[in-house]
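Accompanying notes for the structure given below.
The values are calculated or read from the model by the stated rules, or taken from the named source; none is laboratory data. Because the structure is predicted, anything quoted here is derived from the model rather than measured. Every residue, glycine as well, gets a Cβ built from its backbone with ideal geometry; the counts of neighbours run over all protein chains shown.
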Amino acid sequence: MKEKILLAIVDMKLRNAWPVEEVIHEMTELVKACQGEVVGHIICPAHPPTAATLIHSGKVLEVAELARVQGAQGVVFSEELKGVQQRNLEEALAVKTIDRTQLILDIFARRAVSLEGKLQVELAQLAYRLPRLAGHYDDLSRQGGGIGTSGPGETKLEVDRRRIAVRIDKLKKDLLDVTQSRMTKRKKRELQHIPLISLVGYTNAGKSTLLNTLTGAHQATKDGLFTTLDSLARQHVLPDRQKVVFSDTVGFMRELPHNLIEAFKATLEEVQSADILLHVVDVSNPRYRHLKESVDQVLDALGALNKPTILVFNKIDRVEDKEELETACGRYGNTIAVSALEKQNIDGLLRLIEKELGGRVVAVDVAIPVNRMDLVNMVHKQGQVEAIEYSGESIRVKAVVPQQLAGLLEKAAAS
Ligand SMILES: Nc1nc2c(ncn2[C@@H]2O[C@H](COP(=O)(O)OP(=O)(O)OP(=O)(O)O)[C@@H](O)[C@H]2O)c(=O)[nH]1
Ligand SMILES: [Mg+2]
């Protein structure tokens with residue numbers, strides 16, 4: 001049975017705040033991703049917010065009444081709650097009360113598959129919980145007692161806090177180990193001068209579908225939020241025979257919890273080291289401009305906003321208003337409209353990628369000395385071989401290789 005959830009949409013009347021309807025839509029999707037069912041929503045003004053319950057006490061009573069009438073088993077607030085606010089609200093509402101951040105963390109916890117993903121999620125959850133322990137055990141008596149426990153003693157709160165802090169340290173260490181092997185792979189790739197093309201975008205934009213269409217990978221895709229948590233890198237050869245690596249990673253969302261970005265830093269670093277970003281936008285979503293801006297904000301936080309970027313307007317098969325699509329494309333630079341699912345205009349996208357990588361590879365046809373097998377090995381790893389012929393004193397190499405390697409080959413040929 002699906003858990004029945006009442007949404008408390010907190011209206012902060014902030015500048016640049018998202019329209020209320022969009023928040024309702026987004027929160028409903030988040031609840032769905034947690035296998036819950038939204039039974040209703042209530043708008044709760046919070047200007048100014050209150051310290052005790054975020055929203056005003058009269059409104060708290062209204063939320064409690066609606067939750068009761070709708071038979072809600074939980075209330076989810078659209079804004080982050082402080083520990084004390086959550087406790088007060090839960091008491092007043094008499095049902096489980098959580099906030100948007102917890103909801104997102106819950107989705108991530110459900111989705112995490114890889115060891116790295118699981119460690120990252122647990123880290124984010126503990127980091128969220130740690131400052132919220134305060135005051136939980138105000139009336140605590142001293143722990144322990146008896147021989148060997150003399151001294152000031154510790155409250156349970158302190159013990160809990162310390163236990164969590166120790167666990168956080170341990171998780172960070174474990175994560176470092178797990179991340180190390182991925183870093184090694186990345187370094188190797190960088191040494192081989194194979195460009196990395198990272199797919200980024202709002203969750204559900206179609207990144208994994210595009211990766212599959214581009215490379216024939218089998219990354220799981222689904223209509224829902226945060227389907228992909230683990231990065232997948234896939235080597236591919238472009239039509240101009242340049243080797244590249246495409247990588248798909250976790251989707252973004254507006255105001256992603258800070259703890260989550262912090263915990264997923266290692267995964268997101270892939271984005272920082274990319275040569276090109278494919279920013280995938282679901283242009284069939286009427287809110288696509290807002291979604292794009294939110295992704296830009298996360299990219300900015302990662303220091304990746306100024307990377308060469310191709311804006312990929314996806315799901316054009318669902319866009320009826322072609323004029324609007326043209327306007328959308330005209331609004332930004334370096335855009336292309338595709339359908340990853342229906343495989344429309346994928347050639348165009350590939351050409352744009354080749355143009356963006358422009359001149360990083362060149363065709364060579366050289367004869368190098370037989371003792372330069374080291375170079376032949378490099379050609380196999382970094383380039384696309386057309387022919388390698390061994391004839392007595394020399395090796396003829398016909399291939400498309402990165403410019404730097406072409407230089408080395410030509411030098412060897414001339415010697
Ligand atoms: N109609 C249509 N649907 C698409 C297209 N591309 C992707 N989808 C659908 O959109 C949904 C989300 O696709 P995914 O590829 O999982 O999206 P994602 O960006 O990887 O999402 P997360 O991993 O959750 O961040 C799926 O149901 C896809 O089938 C497209 O070009 N047209
Ligand atoms: Mg995905």
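The residues on offer are 328, 363, and the sole one that is more than 22 Å from residue 277 (Cα to Cα), small (Gly, Ala, Ser) and either surrounded by fewer than 15 Cβ atoms within 10 Å (Cβ to Cβ) or touching a strand residue (DSSP E or B) at 6+ places or on another chain (Cβ under 7 Å) (or both) is 363. Look at the stretch 213-233: where a residue is of a type in the set (Asp, Glu) and a partner is surrounded by fewer than 17 Cβ atoms within 10 Å (Cβ to Cβ), sitting 6+ places away or on another chain with Cβ atoms under 9 Å, you get 230/113; 230/114. If the condition is being in a helix (DSSP H, G or I), closer than 20 Å to residue 206 by Cα and under 18 Å from the mean Cα position of the chain (by Cα), then the stretch 294-335 contributes 294, 295, 296, 297, 298, 299.
For the criterion of being in contact with a strand residue (DSSP E or B) (Cβ under 6 Å, 6 or more places away or on another chain) and assigned by TED's automatic domain parsing to the domain that holds residue 210, residue 285 fails.
Restricting attention to the stretch 193-218, the residues that are within 8 Å of ligand 2 (Cβ to nearest atom) and modelled with pLDDT under 90 add up to 0.
Taken over the stretch 215-227, the residue count meeting the criterion of being touching a strand residue (DSSP E or B) at 6+ places or on another chain (Cβ under 6 Å) and more than 8 Å from ligand 1 (Cβ to nearest atom) is 2. Looking across the stretch 212-255, the residues that are of a type in the set (Val, Ile, Thr) and either assigned to a loop (DSSP other than H, G, I, E, B) or at positive phi (or both) come down to 221, 227, 228, 249, 250. Residue count for the stretch 1-35 under the criterion of being among the small types (Gly, Ala, Ser) and within 18 Å of residue 69 (Cα to Cα): the result is 1. Can you pull out every residue in the stretch 228-272 that is within 12 Å of ligand 1 (Cβ to nearest atom) and out of contact with any Ser or Thr (no Cβ under 8 Å at 6 or more places or on another chain)? Scanning the stretch 228-272 gives a single hit, 256. For residue 86, the test of being at pLDDT below 95 and touching a Ser or Thr at 6+ places or on another chain (Cβ under 7 Å) is passed. Filter the stretch 78-94 down to the residues that are under 17 Å from residue 9 (Cβ atoms) and of a type outside the set (Asp, Glu) and list them by number. Passing the criteria: 78, 81, 85, 86, 89, 93.
Yes or no, residue by residue, for (1) within 16 Å of ligand 2 (Cβ to nearest atom); (2) touching a helix residue (DSSP H, G or I) at 6+ places or on another chain (Cβ under 7 Å); (3) at pLDDT 90 or above; (4) of a type outside the set (Lys, Arg):
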position: 342; (1), (2), (3), (4): no, yes, yes, yes
position: 345; (1), (2), (3), (4): no, no, yes, yes
position: 348; (1), (2), (3), (4): no, no, yes, yes
position: 352; (1), (2), (3), (4): no, no, yes, yes
position: 355; (1), (2), (3), (4): no, no, yes, no
position: 364; (1), (2), (3), (4): no, yes, yes, yes
position: 367; (1), (2), (3), (4): no, yes, yes, yes
position: 370; (1), (2), (3), (4): no, no, yes, yes
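Close contacts from the stretch 334-358, counting a first residue that is charged (D, E, K, R) and a second that is at pLDDT 95 or above and loosely packed, with under 15 Cβ neighbours inside 10 Å, with Cβ to Cβ under 8 Å and a gap of 6+ residues or different chains, come to 342/317.
Restricting the stretch 221-272 to residues that are under 10 Å from the mean Cα position of the chain (by Cα) and small (Gly, Ala, Ser) leaves a set whose member that is farthest from ligand 2 (Cβ to nearest atom) is 231. Restricted to the stretch 273-286, and to residues there that are more than 11 Å from ligand 1 (Cβ to nearest atom), assigned to a loop (DSSP other than H, G, I, E, B) and surrounded by 18 or more Cβ atoms within 10 Å (Cβ to Cβ), the residue that is nearest to the chain's Cα centre (by Cα) is 274. Of all residue pairs spaced 6 or more apart or on separate chains, those with beta-carbon atoms under 8 Å, a first member in the stretch 251-276 that is more than 17 Å from residue 115 (Cα to Cα) and of a type in the set (Gly, Ala, Ser) and a second member that is away from ligand 2 (no atom under 16 Å from the Cβ) and in a loop (DSSP other than H, G, I, E, B) are 274/304; 274/307.
Yes/no per residue for (1) buried (at least 16 other Cβ atoms within 10 Å of the Cβ); (2) touching a Phe, Trp or Tyr at 6+ places or on another chain (Cβ under 6 Å); (3) within 28 Å of residue 347 (Cα to Cα):
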site	(1), (2), (3)
167	no, no, no
172	no, no, no
177	no, no, no
186	yes, no, yes
200	yes, no, yes
210	yes, no, yes
216	no, no, yes
220	no, no, yes
230	yes, no, yes
